[in-house]
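The next block holds one structure in the form of structure tokens; read it before the comments.
The values are calculated or read from the model by the stated rules, or taken from the named source; none is laboratory data. Quantities reported herein were computed from a predicted structural model and do not represent experimental measurements. Methodologically, a virtual Cβ is constructed for each residue, glycine included, from the backbone with ideal geometry; neighbour enumeration extends over all protein chains shown. To get the accessible areas, we keep the full protein, side chains included, count just its heavy atoms, and leave off ligands, DNA and RNA. Shrake-Rupley method; radii C 1.70, N 1.55, O 1.52, S 1.80 Å.
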Amino acid sequence: ARLRKEASGFWKESIEFYERVVERRPDDPQAMNGLQRVHSWRGETAESLRWSQALITQASAELDFWTQRIKRPDVTAEDEKRFREIVRNTGKLLAETHLHAATLCKRMGNPEEALAHVDEALALQPARADAYSRRAELLRDLGRYDEAIPSVDEFLRLSKLDFDHPDIRRAFQLRSECEAAL
């Protein structure tokens, strides 16, 4: 109980620090990322989702900006390399934020919105096996079994896990459930 109380105080303090950063720099993606995560850890799902949405808006604008900078004819090779690294990192943050938002939406009982976030993450990082697994489960939950099966298959194709890993066994079970439902 003492450690829980102490941890709760640290989470509250983290939120206060992140909020101060956002007050000074409203477009700071790392502070927004921190806020979405800390609120999630505290079980504040709606507030975490609010920060996820803010981060998605900010990171999307940032991704568009740097993608356009790469296309400029006067960009140097060194700048292009730096811009591509920014685009890669921003895209990764954006995909992870969409997956986090998907988890929150599912927790809040909105599987359609969760699926939309997973699809956005896959548009950014189409080789993410874990996203296909989440997509398959959401589609199954929505009763869209015929769409879930190809997502399971894509998870299995992309996964680097051992054949006997619990996630792989769960994927085969999910595929069987969808086939039986069809």
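Calculate what fraction, in whole %, of the accessible area of segment 104-182 sits on carbon and sulfur atoms when a 1.4 Å probe is rolled over the protein chains. Can you show the working numbers first?
On the way: 2230 of 4460 Å².
The computed percentage sits at 50.
For segment 46-125, how big is the tail of P(r) above 17 Å, as a whole percent of Cα pairs? Provide the component values of the computation, followed by the final result.
Working: 1549 of 3160 pairs.
I get 49 percent for the Cα pairs in segment 46-125 exceeding 17 Å.
With point charges of +1 on the Cβ of Lys and Arg and -1 on the Cβ of Asp and Glu, referenced to the Cα centre of the chain, which listed residue (G91, I168, Q30) lies farthest in the positive direction of the dipole?
Q30
Run the reach check for K12 against lysines, Cα to Cα strictly under 29 Å, same-chain hits fewer than 8 apart removed. What comes back?
Output for K12: K92, K106.
Please give the charge dipole size of the chain, origin at the Cα centre, charges +1 on K and R Cβ atoms and -1 on D and E Cβ atoms. Round to the nearest 20 debye. Present the calculation step by step, with values, prior to reporting the outcome.
Details: 30 positive and 33 negative charges, 99 e Å.
In debye, rounded to 20, the chain gives about 480.
Any chance you could tell me what percent of the C-alpha pair distances in segment 61-169 go past 23 Å?
40 percent
Under the Karplus relation 6.51 cos²θ - 1.76 cosθ + 1.60, θ = phi - 60°, what is the ordered set of whole-Hz ³J(HN,Hα) values for segment 148-159, x standing for Gly and Pro?
Per-residue couplings from phi come out as 5, 4, x, 5, 4, 4, 5, 4, 5, 5, 8, 5 Hz.
Taking Cα atoms of the chain, Rg/Rh with Kirkwood Rh, to two decimals?
Value, to two decimals: 1.05.
Rg and Dmax of segment 1-107, Cα atoms, in Å?
Using the Cα atoms of segment 1-107, the pair Rg, Dmax is 16.6, 61 Å.
Sorted by average packing, counted as other Cβ atoms within 10 angstrom per residue and highest first, what order do 116-126, 94-104, 151-161 take?
94-104, 116-126, 151-161
Ranked highest first by average number of other Cβ atoms within 10 Å, how do 139-145, 5-11 line up?
Ranking, from highest mean packing down: 139-145, 5-11.
Under a 1.4 Å probe, what is the accessible area of segment 62-182 per residue, stated in Å²?
58 Å²
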